[in-house]
DNA sequence: AGGAAACTTGATTAATAAAGTCAGGAAACT
DNA sequence: AGTTTCCTGACTTTATTAATCAAGTTTCCT
């Protein structure tokens with residue numbers, strides 16, 4: 001129970017973009033609807049994804065967001081680290097600058113925490129959003145990100 | 001960074017008991033000193049371990065705590081679950097009664113969270129406190145749980 | 001008995017983090 | 001111009017974590 005809500009939202013948003021047609025930008029509102037996220041939360045999450053180079057944005061009436069790289073180049077680990085921080089289960093077991101274990105002479109639990117960390121990293125860094133999109137396909141093709149707002153020309157449904 | 005302080009304390013305390021001589025009980029104060037934990041916190045953690053059958057207690061001047069089973073029968077996973085709760089990284093990926101994913105038709109991220117959960121469980125449930133004690137030995141033999149309080153007969157130093 | 005040492009229990013408080021809201025600003029298209 | 005969209009930062013509320021405190025009960029020893 002350590003993945004917080006923002007991380008959950010952010011990964012869902014990126015997945016939604018990976019599933020969507022990348023040839024045009026998608027509005028915040030559409031992403032919010034597709035991922036069941038409060039718009040105001042995505043409003044602060046997406047700039048963060050943008051600053052990290054994961055997503056690209058365009059302003060104005062035709063604006064919105066799209067992925068900045070092909071989905072196979074974006075790992076789940078990257079997004080999780082960005083929003084959530086280090087993947088170690090405990091602060092004495094981070095890869096970079098771990099806090100020393102307070103137990104005298106350091107304790108053997110640390111090795112096990114490190115093993116959990118490595119297993120987590122192995123999974124998250126080897127899973128790309130292309131993988132996730134492929135897995136989701138067939139389950140989600142019916143309702144892609146396309147939310148037709150009145151007045152907006154409906155996005156071209158992929159063949 | 002999801003293992004909270006109490007879980008850290010509790011696992012350290014059990015490890016301290018696993019490293020100590022099990023033929024007599026060890027006082028809360030000694031455990032607190034050996035694990036660098038506030039006594040008042042162990043005061044609420046150890047009853048919890050006791051209720052779960054992990055530890056046994058005796059009252060009175062000669063009282064204290066000791067393991068209720070041989071260390072090879074106590075897994076790290078058991079203690080972590082007890083203090084911390086389910087090991088799943090997110091509530092939609094618990095083994096028992098997961099909350100439904102709010103994304104339409106359920107999202108493919110869930111499978112990855114479940115994979116992280118399973119990897120974590122595999123490590124934590126296969127690591128016993130006998131393993132941890134063996135690993136710690138040589139690093140920790142110098143300062144075992146034995147803390148001689150004035151007036152108390154010093155615990156028999158093994159060999 | 002009586003007292004001291006230990007565990008037991010439940011309430012309480014303070015600090016921190018998470019989650020969500022809000023208001024005003026800046027760019028771009030029509 | 002004016003509308004639509006993204007952008008930014010401060011703010012509020014709530015939940016969780018962490019630690020403390022004050023009585024209580026059991027057991028041993030003199």
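Within segment B:67-85, being surrounded by fewer than 16 Cβ atoms within 10 Å (Cβ to Cβ) and away from DNA strand D (no atom under 16 Å from the Cβ) holds for B:69, B:70, B:72, B:73.
The set of residues from segment A:91-112 being within 16 Å of DNA strand D (Cβ to nearest atom) and surrounded by fewer than 18 Cβ atoms within 10 Å (Cβ to Cβ) comprises A:91, A:99, A:100, A:102. So which residues in segment B:18-45 are within 12 Å of DNA strand D (Cβ to nearest atom) and within 10 Å of chain A (Cβ to nearest Cβ), if there are any at all? The answer is B:35, B:36, B:37. Just one of the listed residues (A:32, A:10, A:88) is part of a loop (DSSP other than H, G, I, E, B), surrounded by 19 or more Cβ atoms within 10 Å (Cβ to Cβ) and within 14 Å of DNA strand C (Cβ to nearest atom), and it is A:88. Please tell me if residue B:15 is more than 10 Å from DNA strand D (Cβ to nearest atom) and more than 14 Å from chain A (Cβ to nearest Cβ). Taking the combined requirement at face value, the residue does not satisfy it.
Which one is nearest to residue B:6 (Cα to Cα), of the residues in segment A:46-92 that are within 14 Å of chain B (Cβ to nearest Cβ) and out of contact with any helix residue (DSSP H, G or I) (no Cβ under 7 Å at 6 or more places or on another chain)? Before the answer, list the steps.
Step one: list which residues in segment A:46-92 are within 14 Å of chain B (Cβ to nearest Cβ), which gives A:71, A:74-81, A:83-92.
This time we only want the ones that are out of contact with any helix residue (DSSP H, G or I) (no Cβ under 7 Å at 6 or more places or on another chain), so: A:78, A:81, A:85-86, A:91.
On the way: A:78: 29, A:81: 24, A:85: 21, A:86: 20, A:91: 14 Å.
Per the stated criteria, the residue is A:91.
Residue A:147 meets the conditions (1) modelled with pLDDT under 55; (2) facing another protein chain (nearest Cβ under 10 Å) in every case but one. The failed one is (2). Those residues that are within 14 Å of DNA strand C (Cβ to nearest atom) and either free of Cβ contacts under 8 Å to residues at least 24 places away in the same chain or closer than 13 Å to residue A:17 by Cα (or both), I need them from segment A:49-65; list them, please. Residues satisfying the conditions are A:50, A:56, A:57, A:59, A:60, A:61, A:64, A:65.
If the condition is being over 17 Å from residue A:84 (Cβ atoms) and part of a loop (DSSP other than H, G, I, E, B), then segment A:35-69 contributes A:36, A:38, A:53, A:59, A:60, A:61, A:62, A:63, A:68, A:69.
The values are calculated or read from the model by the stated rules, or taken from the named source; none is laboratory data. Fair warning: this is a prediction, and the values are worked out from it, not measured in the lab. Every residue, glycine among them, receives a Cβ derived from its backbone with ideal geometry; neighbour counts consider all protein chains shown.
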